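Here the structure comes first, spelled out in C-alpha cells, and everything after it is commentary.
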Amino acid sequence: MNKDVYETCFVKPWELKKLRDLTADVFSKIGTEKSRQRLIYDLLNTLRSNNRKRFLEIVLKSVNTLKSEERSKAREFAHLLSNLWLEYETSENFEKIAYAVVMGIMNAENVGGGDKNV
C-alpha cells in the first residue's frame, strides 16, 4: 500500500462510537468508580506521552479481570480494538481510538463492581 494512501486512512466516527459504547458496557463490570478513575488517570498519562504499547497493556490487563461469564462483551471489545489498532496505525488515529476508550470508561456505570463511593 502506498504510504500516502495509508496516512490518509482515518478512523470512521461510527467505529469510534461503537468502541466507546462497547468500552462503557465492558468497563461497567470492572472495578469500582474509584478504581476506574485511577485507570482513566493512568490512561490519560500514557496518552499524553504517546505510549501506545503501555496504553494497550493497561486496557487489556483491566479487561482480563472479568469473570468468565462476562467475557463475551470483552471478546467483542478486544476484537474491535485490535482491528482498529491494526487498521489505523497513525498517531492521530491512536489519539482518537484512545480517547474513545477513555470516554467509554468515563461513561461506564457501576453495575458489576463494588461500592460506588469506595
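The values are calculated or read from the model by the stated rules, or taken from the named source; none is laboratory data. Note that the structure is a prediction, hence the values are computed from the model and not measured. Glycine gets a Cβ as well: all are built from the backbone with ideal geometry, and neighbour counts include every protein chain shown.
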Considering the range 20-53, residues that are hydroxyl-bearing (Ser, Thr, Tyr) and under 11 Å from Gly104 (Cβ atoms), and then whichever is nearest to the chain's Cα centre (by Cα), we arrive at Thr23
Failed item, numbered, when Leu56 is tested on (1) over 16 Å from Ala108 (Cβ atoms); (2) surrounded by fewer than 16 Cβ atoms within 10 Å (Cβ to Cβ): (2)
Scope the range 20-70; condition without any contact (Cβ under 8 Å) to a residue 60 or more places away in the chain, farther than 18 Å from Leu80 by Cα and not in a helix (DSSP H, G or I); matching residues: Ser49, Asn50, Asn51, Thr65, Lys67
Of all residues in the range 8-46 being at pLDDT below 95 and of a type in the set (Gly, Ala, Ser), which is surrounded by the most Cβ atoms within 10 Å (Cβ to Cβ)? Gly31
Glu109 vs. criteria exposed (fewer than 14 other Cβ atoms within 10 Å of the Cβ), touching a Ser or Thr at 6+ places or on another chain (Cβ under 6 Å) and either modelled with pLDDT of 90 or more or not in a helix (DSSP H, G or I) (or both): yes
